[in-house]
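Some notes on the structure that comes next.
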Amino acid sequence: YVAAVYEHESILSPAPAALVERRSALELMGRNLDIYEQQVLAAARQGAQIIVFPEDGIHGFNFTRSSIYPYLDFVPHSHSGKWNPCREPYLFNDTEVVQRLSCMALKNRIFLVANLGTKQPCGRWDPRCPPDGRFQFNTNVALGADGALLATYRKHNLYFEEAFDTPPEPDYAFFDTPFAGRFGMFTCFDILFFEPAVNLVRRYDLKQIVYPTAWMNQLPLLSAVEFQQAFATAFNVNILAANIHHPSLGMTGSGIYTPVKSFIYHNMESYGGKLIVAEIPVITADYKTNLEKTPVRVSEQSPPSFYAEMMYDNFTFVPVWGEKGELQVCANTLCCYLNYRRAALTDELYALGVFDGLHTVHGTYYVQACALVKCGGLSFSTCGQEVTEATALIDFQLWGNMSTPYIFPLLLTSGITLDFADHMGWKNNYYFLSKNRTSSGLLTAALYGRWYEKD
């Protein structure tokens with residue numbers, strides 16, 4: 001099928017904390033929706049059957065609970081019956097934004113997924129009802145090619161969003177299409193947690209995901225395109241991921257991903273939006289990962305280990321020296337192993353790092369990671385820094401005795417481009433990732449394990 005995602009440079013309120021009238025909120029959002037309208041038309045002309053827009057693309061961000069209120073639409077939670085906002089605008093008040101989105105879908109005969117802020121009144125009888133008498137949700141809507149509201153999803157794992165409430169229960173949101181079957185949806189930070197993202201994919205055996213996000217890149221392990229790709233690979237799904245475009249805030253990185261191919265956009269240099277349209281296969285069966293011979297056990301003369309901070313976590317590293325070698329490094333119950341060979345020696349320091357513990361900065365979640373990374377300079381203290389360029393071509397086999405079945409394989413190359421492993425998967429109690437000759441210099445090759453039970 002043909003899919004489109006739009007990385008949108010949103011027009012932001014100059015003073016998001018200021019209180020404004022609904023009229024001026026609609027005026028600002030209308031300017032963003034004008035751009036959406038052009039992009040839906042452009043995507044439809046290229047044959048797209050579905051288009052996905054980013055999180056916070058219509059209203060922006062940095063609001064307070066009260067300042068966002070004029071920007072919120074009323075959208076009934078999807079299970080309340082059939083509604084076509086474009087054809088039946090009179091059914092509910094304060095639905096101007098969702099009406100416009102619905103009409104875009106209808107006019108262009110395209111499925112459309114967008115993110116907006118919504119409100120839902122609640123009563124004193126509800127113990128979870130906020131003091132101001134309403135819930136405010138960070139919401140995705142999915143609209144059919146006839147403009148009908150097919151599904152809503154309220155973001156569960158909020159990322160420092162004081163304007164919004166967490167829904168009482170996780171939403172498992174999905175909708176059906178004639179061209180690719182069932183799509184599931186979740187938002188941004190959700191991708192790192194079991195609820196609802198992993199549970200949704202597993203419970204409904206989903207093969208297509210739509211994913212609005214407003215993601216601030218963090219190298220070396222959590223760049224947007226790197227993790228979007230890893231999720232597609234780990235769960236054998238197609239992902240349509242639309243990110244916001246604000247390079248000054250570190251925000252870029254969208255794509256259309258299959259488990260074996262990706263069409264991405266990552267641009268920290270220039271401004272303006274970007275439409276990606278790609279034709280991808282509908283996944284029906286699982287891709288089988290093939291593993292070669294079990295690697296040799298590593299001999300014990302590893303170089304000296306050292307500690308350095310990476311992604312705010314205290315990793316234990318060993319340097320990757322010389323043309324070839326075998327290394328191991330352990331922390332807690334996790335041991336990571338690496339066999340490597342460099343095509344040529346370059347003046348670059350690489351290190352193999354391990355972390356097995358609770359990550360506590362910008363969210364709390366348990367990580368088990370084995371990571372081969374390029375360091376920022378030639379001293380050990382630079383390992384774990386954000387690096388975007390590399391020249392070393394390295395053949396490697398990386399593996400670890402991970403304690404969780406949820407492993408996200410990361411493979412990032414120079415200029416924030418993606419590569420695909422030759423082999424990956426489980427053998428005995430080890431997870432393996434191997435690659436002969438990356439397409440460009442290696443930045444990161446990692447097994448990023450999420451041990452959800454220990455969050």
Give me the residue from segment 240-251 that is touching a strand residue (DSSP E or B) at 6+ places or on another chain (Cβ under 8 Å) and more than 20 Å from Asn140 (Cβ to Cβ) and, out of that set, least open to solvent (accessible area, probe 1.4 Å). Gly250
What's the number of the only condition in (1) touching a strand residue (DSSP E or B) at 6+ places or on another chain (Cβ under 8 Å); (2) open to solvent by 10 Å² or more (accessible area, probe 1.4 Å) that Tyr211 fails to meet? (2)
The condition from (1) part of a loop (DSSP other than H, G, I, E, B); (2) closer than 24 Å to Cys188 by Cβ; (3) out of contact with any Gly (no Cβ under 8 Å at 6 or more places or on another chain) that Lys82 misses is numbered (2)
Can you name the residue in segment 105-129 that is open to solvent by 30 Å² or more (accessible area, probe 1.4 Å) and in a strand (DSSP E or B) and, of all such residues, is nearest to Met29 (Cα to Cα)? Gln120
Strands (runs of 3 or more DSSP E) completely within segment 298-372 that count 1 or more residues being hydroxyl-bearing (Ser, Thr, Tyr) and more than 25 Å from the chain's Cα centre (by Cα): 306-310, 313-320, 334-342, 350-359
Does Glu269 count as outside the structural domain of Cys370 (by the TED database), modelled with pLDDT of 95 or more, open to solvent by 60 Å² or more (accessible area, probe 1.4 Å) and closer than 30 Å to Thr382 by Cα? yes
Residue count, segment 330-352, condition closer than 16 Å to Tyr431 by Cβ and either polar (S, T, N, Q) or open to solvent by less than 10 Å² (accessible area, probe 1.4 Å) (or both), comes to 6
Working only within segment 189-208, note down all residues that are open to solvent by less than 20 Å² (accessible area, probe 1.4 Å) and assigned to a loop (DSSP other than H, G, I, E, B). Leu206
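Residues checked against (1) over 20 Å from Gly57 (Cβ atoms); (2) of a type in the set (Gly, Ala, Ser); (3) in contact with a helix residue (DSSP H, G or I) (Cβ under 8 Å, 6 or more places away or on another chain):
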{"residue": "Asn93", "(1), (2), (3)": "yes, no, no"}
{"residue": "Glu96", "(1), (2), (3)": "no, no, yes"}
{"residue": "Arg100", "(1), (2), (3)": "no, no, yes"}
{"residue": "Phe111", "(1), (2), (3)": "no, no, yes"}
{"residue": "Pro131", "(1), (2), (3)": "yes, no, no"}
{"residue": "Pro168", "(1), (2), (3)": "yes, no, no"}
{"residue": "Phe174", "(1), (2), (3)": "yes, no, yes"}
Return yes when Ser10 is small (Gly, Ala, Ser) and closer than 17 Å to Tyr265 by Cβ and no when it is not. yes
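Each row is one residue, and each column tells you yes or no for (1) of a type outside the set (Gly, Ala, Ser); (2) in contact (Cβ under 8 Å) with a residue 60 or more places away in the chain; (3) in a strand (DSSP E or B).
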| site | (1), (2), (3) |
| --- | --- |
| Gly376 | no, no, no |
| Glu386 | yes, yes, no |
| Ala390 | no, no, no |
| Asp395 | yes, no, yes |
| Trp399 | yes, yes, yes |
| Ser403 | no, yes, no |
| Gly415 | no, no, no |
| Phe420 | yes, yes, no |
Cβ-Cβ under 9 Å pairs, at least 6 apart or on other chains, segment 296-316 side of a type in the set (Lys, Arg), far side at pLDDT 95 or above and open to solvent by 70 Å² or more (accessible area, probe 1.4 Å): Arg297/Glu326
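The values are calculated or read from the model by the stated rules, or taken from the named source; none is laboratory data. Note that this is a predicted model, so its numbers are computed, not measured. Backbone-built Cβ (ideal geometry, glycine too); neighbour counts: all protein chains shown. SASA here: full protein model, heavy atoms, side chains in, ligands and nucleic acids out. Shrake-Rupley method; radii C 1.70, N 1.55, O 1.52, S 1.80 Å.
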